[in-house]
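K.L.:
Here it is: the structure, laid out below.
The values are calculated or read from the model by the stated rules, or taken from the named source; none is laboratory data. Note that the structure is predicted; figures quoted are calculated from it, not measured. Quick reminder, even Gly has a Cβ in these numbers, built from the backbone with ideal geometry, and neighbours come from all protein chains shown. Heads up: the accessible areas ignore ligands, DNA and RNA and are worked out on the full protein's heavy atoms, side chains in. Shrake-Rupley method; radii C 1.70, N 1.55, O 1.52, S 1.80 Å.
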Amino acid sequence: MSVDLTQFIPSFLEESFEGLELMESSLLNLEQGDDETINSIFRAAHSIKGGAGTFGFNHVTEFTHLVETLLDEMRDGRRNIEQDDVELLLESVDCMRLLIEAIRDEQECDSEKIAENSTRLEETLASSGNVNTEALLINVDDTTDNNNDITRWQIKFIPEHHLVQTGNDPLLLFNALADLGEISLEADAKDLPALNDIDAEELYLSWQLTLCSNASEAEIKEVFEWVEDECELIITKEEHLLAVEVEVKEGIEVNTIDQSSQDEATNITTPIESSFPEPTPKNIPDKPAGKSKNDLGSIRVGVDKVDSLINLVGELVITQSMLSELGNDFDLSKVERLNAGLEQLLQNTKELQESVMRIRMLPISFVFNRFPRLVHDLSKKTGKEIELILKGEQTELDKTVMEQIGDPLVHLVRNAVDHGIESAHVRLANGKPEKGSIVLDAYHQGGSICIEISDDGGGIDRQAVFNKALEKGLVDEKTTLSDSQVFDLLFEPGFSTAKEVSDISGRGVGMDVVKKNIQSLGGRIQVESEQGKGSTFRINLPLTLAILDGQLVRVGKEVYIIPLITIVESLQPQKELINRVSGDMLLYRLREDNVPVIPIYQLFNIPCEFEHIESCLLVVVEADGQKIGLMVDDLLAQQQVVIKSLNDNYQQVQGVSGATILGDGSVAMILDVPGIIEMALTKAQINQQHQSSVQSQITQSISTGVNT
């Protein structure tokens, strides 16, 4: 029965992308003598090559073989690890990604780029300029020194017929054994079927090998480690030999079976005087590459999360059984048990929901891992030395949010490299280290996640931004803006202060798209900058776009939902603590704070039950260190609500982050507390400016009257 291999292609693609990511991140940190890293890169390439061969993706196999060969020379110590070779390997990883993406998308890839890269790999492999001749000499010496304690090993190797279908090749195993010493082998073809019955994808031979080597049994078994579950392997020590002279030969001859004589070949003996083209720990089919991550098309879930989910489902089934039994012959005497059962059902449902949500949470390293390569390439392109520092990589974020935040982060990092970090000579002239730094940091803040992109570059020229805003008519000369309001102008469409447009990015070029994308996720972005010292772009995002804990409040006939995480307290206002300041702004004295009061009915222009603050309830909320009081008519229940996007179903509304469907079928808006605070502060500032302007005009008028 034949196996339909196409069903495994998605897994191959998934693991290949993981392997490519591992190769890329490891190459960026590769240093001379780092055996562990070079081995992990080699294993990843080998796994991709093996998988591609299994499924018949020969173009991937052939290209990866060149990459693998170059890596092999490096890990064998026969080639020094030079930066040029590392760059070539990084570009080769890009080509491998193109090839695998083409398989995934069933499209043609850039064959010209693949061919160009293949040529460069072949030229590099053919060159000897980077070959570590010293290492080769040392290896020869070592071989000579170790030939004093030789053992003859008999190895019976009977592979399963499907061995080659899993990407393994016995010849590679024999090459690896030859690297341990002198071998000879006999092929046993007794299972070889008639010519017409031969399946080209099946393996019918087995081998008896003799190995003269000073290697231990464990070292020999390690060669077969990759196929140990797919073969019968018997290793026996035949005799102990002393001072055997081992002749190191080069080249291997592989005898082929003459089909015409196969019927006679029940035992084909093909002695091989060991000697293989090149030392081959390289060709050892090693363990698969470590499971790194970064597949946003599927989720890898920890067993603990699955176990928790199964336990909760079990609890839910028990509760359901109890309620079903209770329903039989129900009478009023069982009401108390019914209430207890319903309470248990509610608790189980809530815990089950939380567990399911945790499954969607992934560490943000899924996104961060793309930036070392990005910064590496941009540094090379701009000629700037830049160190990328990643923090909070294990901070978890909902998968949906993570899928959409990648592109805005890429844009901000590119901006930081291109316009944030100064050139080396400018930095040195300003007393800074020659190497600039960019920090990507993620952390939880209340019920949201905060992502910061900071650089220690030249900062944003506040006056230049303001002048540009004047030039574009966004502000007038008399406008007084805070630093954050000035920097917020960078997110206006088409706004840029860059003197030269580069192909990398420009601070301000496309930033409106960045802000729009972040807002579509229910998030917001703020900018802090100090000229000469650097800038920080801070993004606040909800942990999930699916569900939140909310406080239902009533204003007139409308019901709104305030995210529970933002609520500090709710209170009945006391008249003596209420103040009205310039700009007609209400302030409430809450212990040490003067909290601005925002009537929701005014915010959304709806009728309400109580218009005076003394008659209303005040819900004090906080975001980004700012507190405001939301004036509502009544407090209703607290409950978890399923968030529906306004962007998808209607359009973005200022002060509203989304909507939900309540139990009675009505629609309720979810308030965007940070957005409302921003609106309130802006309004207060405008009022204050207007008040100052009026006072100034009055003062000038009085002064003019006195003089006349």
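K.L.:
Tell me, what does the Kirkwood hydrodynamic radius of the stretch 402-499 come to in angstroms if you use every pair of distinct C-alpha atoms?
P.N.:
When all Cα pairs of the stretch 402-499 are included, the Kirkwood radius is 15.6 Å.
K.L.:
Right, something else. Treat each spin label as a single point 7 Å out from the Cα along the C-beta direction, and report the residue 34 to residue 594 distance in nm.
P.N.:
Taking the simple label geometry, residue 34 and residue 594 are separated by 5.7 nm.
K.L.:
Continuing with this model, one more query. Given a Förster radius of 30 Å and the C-beta distance between residue 169 and residue 91 as r, what FRET efficiency does 1/(1 + (r/R0)^6) yield to the nearest 0.05?
P.N.:
0.65
K.L.:
Okay, next question. So if we plug the beta-carbon distance of residue 639 and residue 385 into 1/(1 + (r/R0)^6) with R0 = 45 Å, what FRET efficiency do we get, rounded to 0.05?
P.N.:
In this case the efficiency is close to 0.25.
K.L.:
Please work out how much length the chain gains when fully extended from residue 322 to residue 484, using 0.36 nm per residue of separation minus the C-alpha to C-alpha distance, in nm with one decimal.
P.N.:
Extending this stretch completely gives an extra 52.5 nm.
K.L.:
Just flag the GluC sites (Glu not before Pro) in the stretch 4-76 sitting in loop per DSSP whose Cβ has no more than 11 other Cβ atoms within 10 Å.
P.N.:
Passing sites in the stretch 4-76 are 31.
K.L.:
Please compute the contact order of the stretch 370-428 in relative form: average sequence separation of alpha-carbon pairs under 8 Å and at least six residues apart, divided by the residue count, as a percent.
P.N.:
Relative contact order of the stretch 370-428: 52 percent.
K.L.:
With r defined as the distance between the Cβ atoms of residue 202 and residue 107 and R0 fixed at 41 Å, what FRET efficiency is calculated, to the nearest 0.05?
P.N.:
Plugging the Cβ-Cβ distance into 1/(1 + (r/R0)^6) gives 0.80.
K.L.:
A further question on this structure: I'd like the GluC sites (Glu not before Pro) in the stretch 605-642 restricted to DSSP loop residues with at most 13 other Cβ atoms within 10 Å, sorted by number.
P.N.:
611
K.L.:
For residue 590, what residues show an amide H to amide H distance below 5 Å, using hydrogens built from the backbone and excluding near sequence neighbours?
P.N.:
Here the answer is 595, since their amide H atoms fall under 5 Å of that of residue 590.
K.L.:
Taking amide H positions as placed 1.01 Å from N in the peptide plane, with prolines and chain starts having none, which residues 5 or more places from residue 555, or on another chain, fall under 5 Å of its amide H?
P.N.:
560, 633
K.L.:
In nm, what is the difference between 0.36 nm times the number of residues separating residue 331 and residue 564 and their Cα-Cα distance?
P.N.:
Residue separation times 0.36 nm, minus the Cα-Cα distance, leaves 80.0 nm.
K.L.:
Another one. Using modelled backbone amide H atoms (1.01 Å from N, in-plane), which distant-in-sequence or interchain residues come within less than 5 Å of residue 162's amide H?
P.N.:
Sorted by chain and number, the residues that satisfy this are 203.
K.L.:
Right, something else. Cross-link candidates for residue 391: which aspartates and glutamates have Cα within less than 17 Å, leaving aside residues fewer than 8 places away along the same chain?
P.N.:
441, 452, 455, 456
K.L.:
Using a 1.4 angstrom probe on the protein heavy atoms only, line up 699, 210 by accessible area, largest first.
P.N.:
Putting 699, 210 in descending order of accessible area: 699, 210.
K.L.:
Could I ask something else about it? Put +1 on the Cβ of each Lys and Arg and -1 on the Cβ of each Asp and Glu in the stretch 319-424; which of 386, 365, 352 then has its Cα farthest toward the positive end of the dipole?
P.N.:
With unit charges placed on the Cβ atoms, the residue in question is 386.
K.L.:
Suppose the chain between residue 160 and residue 300 were pulled fully straight at 0.36 nm per residue; how much longer would it get relative to their current alpha carbon spacing?
P.N.:
47.3 nm
K.L.:
Quote the accessible area belonging to residue 444 in square angstrom, nearest 10, computed with a 1.4 Å probe and with ligands, DNA and RNA left uncounted.
P.N.:
Its accessible surface works out to 100 Å², give or take rounding.
K.L.:
Convex hull over the alpha-carbon atoms of the stretch 8-123: what's its volume per residue in Å³?
P.N.:
So the per-residue Cα hull volume is 87 Å³.
K.L.:
May I pose another question? Go through the stretch 38-99 and name the chymotrypsin sites (Phe, Trp or Tyr not before Pro) that are in a DSSP coil and have 16 or fewer other Cβ atoms within 10 Å of their Cβ.
P.N.:
Filter output for the stretch 38-99: empty list.
K.L.:
Can you give me the distance in nm between label points at residue 430 and residue 232, each placed 7 Å from the Cα along the Cα-to-Cβ direction?
P.N.:
Reported label-point gap for residue 430 and residue 232 is 7.3 nm.
K.L.:
What is the packing order of peptides 414-424, 588-598, 470-480, taking the mean over residues of other C-beta atoms within 10 Å and listing the highest first?
P.N.:
Packing order, densest peptide first, comes out as 414-424, 588-598, 470-480.
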